[in-house]
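The values are calculated or read from the model by the stated rules, or taken from the named source; none is laboratory data. Because the structure is predicted, anything quoted here is derived from the model rather than measured. No Cβ is skipped: glycine too gets one built from the backbone with ideal geometry, and neighbour counts run over all protein chains shown.
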Amino acid sequence: MANEKSTNVAGARPEGATATRARRTLSTPARYVINTILVVAFLVIGDLMVSGGAISRYQGFVLQQVGIYIIMAVSLNIATGYLGQLPLGHAGFMSIGGYSCAIFIIRVSEAIGVTSQDFINGTPVCGLLFVVGVVFGGLCAALSGLVIGIPALRLKGDYLAIITLGFAEIIRVVMLNIDTVVGFELTGGAKGLIGIPPYTSFLNVFAVVAISLFLIHTMMKSRHGRAILAIRDNEIAAEATGVNTTYYKTFAFVVSAFFAGVAGALYAGCIGVMAPARFGFMKSIEILVMVVLGGMGSMLGSVVSATVLTILPEALRAFADYRMIAYAVVLILTMIFRPQGLMGRYDFSLGNVIEHLMNGELPWARKKADKEADANA
Amino acid sequence: MTFLTQVLNGLQLGSIYALVALGYTMVYGIILLLNFAHGDIIMVGAYISWVAMASLGLHPAIAVVLSIGGCALLGVLIDKVAYAPLRNAPRLSILITAIGVSYFLENGAQLVFGADAKVVPAFVDAPNIVVGDAHVSVIAVITIVVTAVSTAVLTFLVQRTKLGRAMRAVSEDMGAARLMGINVNTTISFTFAVGSALAGIGAILYSMAYAQATPTMGIMLGTKAFVAAVLGGIGSIPGAVIGGLLVGFAEVLVSAIGLSVWKDAVVFALLIIVLIVRPTGILGRTMNEKV
């Protein structure tokens, strides 16, 4: 694959020399290869830094949270930025994913005799348990997304917001009160679910992040994604052109819930304790803030703002008293001066950047190149 | 006996929700904004009362005036600083700004007053009235009467005065109202002042009933009142009152049959059922979307 890329580049060169304005392009496989290499390099370097001690335990913990909130923000972005709805109950799906994954892993590891130490050492059984648990958490959340989405998506705008908020609060109260169901210990009630094995690490959290981003990205580039974007831009027009709006709205909502559940599953392992109070209304708002601040409909925006907004409060611990006020002021000012979010709808594509560089189209030379292209045409 | 007490409790709680819901409804009716900061304005009102009475030792009547005035002023200030620059921005941006304002007020209060609860002194010193063998709380009666009077005054204001007509015109069509010579910004500020003054009254009634102020007290109160406003049909004054009373009664009823841990869930379940059956709330108007 790597060879193909180099031949492609090399093959483009003489052509470029003879026919002056033939645009050099990167083939899709080459783009995948470049991105895969970079992601793997990132994971390996990060993992080495964690195991080598260059990243402290605390920093590693914060980084895992960054990964979790990236998935949360990007998954909410499906429903907000791409579908154009405003659900305010994303934390509810997170808690369902977290509880179901944590309970699943606790029960199964008890049954087959796997200890927390095994999870730290990372035996193959634990790896399998992690994958199954995270997918199980996601599926549980997706199922609840389906149950909630069908009635909720009949409503529009603010009513949809408030009904999803209602569902999330109901989920929270239910989690609070089903600590024992017919003698079977379930969520631990208000004191929380404890004894969750530490099944997350830098490596597996960010591997899940990469897979989630890839899946969401490819989904949005497919015909399903285009249908979802069409609904956002104009629901009536989309319906008139043959998009099954009910189906695609529910579909986007369920996918959004699935990834929130995946993030919740990671969250449970990262924090080690699940308590319903952590998944209140304010958590949903926190995630919505990440999406809107980054720019609705921009995956890069969600990733950047989730990263910044997770690290910022930690970095400002020294100013503990003022940090939340500063956070609020930043939020208000950003909205006043940049209402479309930091990135707007801009999305980053490494492949496109490389293509521009290959063609000598530097950002500052763009205008000149455009003029030449116009003149040639 | 218990039945009468429960009915009174329901009416009292429902009245507080109704007052707060009225504030939500007015602001939503005019600029289509879910004012997340509304619950926090109540919190500020309760703190003003506490400062006036416990720290400065002022007479409760002065504390009441200060709280209501302070809340009204705060409402106008929030509108001018945070919402007015965003009149033409996407609605979600204003919503996020409202959330920012809410964070700001909560954390500001925590910074100034500390995270622990402050005990608000009693406004009135009144024993319970004994009717037959039932004890009727005077505070409950005051709450119900004040709410009824406030609602009546508000209805008069909106339906019969010139400013009220301007408010209804702006809420119908902002552009057309401007062309008719209505000063839109003044009207919106006035709406915020009235809505926030109602929040101030709500704050006093709430402090009378529960006698404490905490930085986060506005969140749940605000959320429930908001649910009440949506339940009744957001934008409608009688709707807000009906919604408030419904939420109050539902909570009291659920607590009375010994399921108080589920009361929040019941309130939200009620909301969901109503919205599924009547998507714009009990008294809400349906708006047809034009293509």
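Quick notes on this structure:
- None of B:VAL254, B:VAL266, B:VAL247, B:VAL261 is more than 10 Å from chain A (Cβ to nearest Cβ), part of a helix (DSSP H, G or I), surrounded by fewer than 20 Cβ atoms within 10 Å (Cβ to Cβ) and of a type in the set (A, V, I, L, M, F, W, C) except B:VAL254.
- Here region A:1-51 is the region considered, the condition is being exposed (fewer than 11 other Cβ atoms within 10 Å of the Cβ), modelled with pLDDT of 50 or more and under 33 Å from the mean Cα position of the chain (by Cα), and the residue that is farthest from A:GLY360 (Cα to Cα) is A:ALA41.
- When the helices (runs of 4 or more DSSP H) confined to region A:236-343 are screened for residues that are away from chain B (no Cβ under 14 Å), those reaching at least 2 such residues are found at A:245-271, A:299-315.
- B:ILE234 fulfils the conditions (1) assigned to a helix (DSSP H, G or I); (2) within 28 Å of B:ILE30 (Cβ to Cβ); (3) not polar (S, T, N, Q) except for a single criterion, (1).
Residues checked against (1) touching a Ser or Thr at 6+ places or on another chain (Cβ under 7 Å); (2) charged (D, E, K, R):
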site: B:ALA37; (1), (2): yes, no
site: B:ILE42; (1), (2): no, no
site: B:VAL51; (1), (2): no, no
site: B:PRO60; (1), (2): no, no
site: B:GLU106; (1), (2): yes, yes
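- Residue that is within 17 Å of the chain's Cα centre (by Cα) and at pLDDT below 90, where the choices are B:LEU33, B:LEU58, B:LEU73: B:LEU33
- Number of the exception - B:ILE237 against (1) buried (at least 23 other Cβ atoms within 10 Å of the Cβ); (2) over 30 Å from B:ALA115 (Cβ atoms); (3) among the β-branched types (Val, Ile, Thr): (1)
Rundown of residues vs (1) surrounded by fewer than 24 Cβ atoms within 10 Å (Cβ to Cβ); (2) more than 14 Å from A:ALA91 (Cβ to Cβ), yes/no style:
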{"site": "A:GLU235", "(1), (2)": "yes, yes"}
{"site": "A:ALA240", "(1), (2)": "yes, yes"}
{"site": "A:VAL243", "(1), (2)": "yes, yes"}
{"site": "A:LYS283", "(1), (2)": "yes, no"}
{"site": "A:ILE287", "(1), (2)": "no, no"}
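- For region B:38-47, the count of residues that are more than 12 Å from the chain's Cα centre (by Cα) and either under 30 Å from B:ASN128 (Cβ atoms) or within 14 Å of chain A (Cβ to nearest Cβ) (or both) is at least one.
- Check on B:ALA117, surrounded by 14 or more Cβ atoms within 10 Å (Cβ to Cβ), modelled with pLDDT of 90 or more and at negative phi: no
- Enumerated helices (runs of 4 or more DSSP H) restricted to region A:84-169, each holding at least 1 residues that are within 14 Å of chain B (Cβ to nearest Cβ): A:90-112, A:124-152
- Single condition A:ALA73 does not satisfy, out of (1) more than 15 Å from the chain's Cα centre (by Cα); (2) assigned to a helix (DSSP H, G or I); (3) among the aliphatic types (A, V, I, L, M): (1)
- Filtered residue count, region B:86-101, keeping only those that are farther than 20 Å from A:GLY294 by Cα and either assigned to a helix (DSSP H, G or I) or in contact with a Pro (Cβ under 6 Å, 6 or more places away or on another chain) (or both): 0
- All of (1) closer than 23 Å to B:GLN159 by Cα; (2) surrounded by fewer than 24 Cβ atoms within 10 Å (Cβ to Cβ); (3) touching a Leu at 6+ places or on another chain (Cβ under 8 Å) hold for B:THR223 with one exception: (1).
- Counting only helices (runs of 4 or more DSSP H) that fall entirely inside region B:150-228 and contain at least 3 residues that are closer than 20 Å to B:PRO238 by Cα, within 15 Å of the chain's Cα centre (by Cα) and among the aliphatic types (A, V, I, L, M), the qualifying elements are B:184-210.
- Restricting attention to region A:186-219, the residues being among the small types (Gly, Ala, Ser), part of a loop (DSSP other than H, G, I, E, B) and in contact with an Asp or Glu (Cβ under 6 Å, 6 or more places away or on another chain) number 1.
- Count - residues of region B:122-136 that are over 22 Å from the mean Cα position of the chain (by Cα), surrounded by 12 or more Cβ atoms within 10 Å (Cβ to Cβ) and assigned to a loop (DSSP other than H, G, I, E, B): 2
- The lone exception for A:ILE287 - which of (1) in contact (Cβ under 8 Å) with a residue 12 or more places away in the chain; (2) out of contact with any His (no Cβ under 7 Å at 6 or more places or on another chain) it fails: (2)
- The listed residue being away from chain A (no Cβ under 14 Å), over 25 Å from B:ASN88 (Cα atoms) and modelled with pLDDT of 90 or more, out of B:GLY195, B:GLY202: B:GLY202
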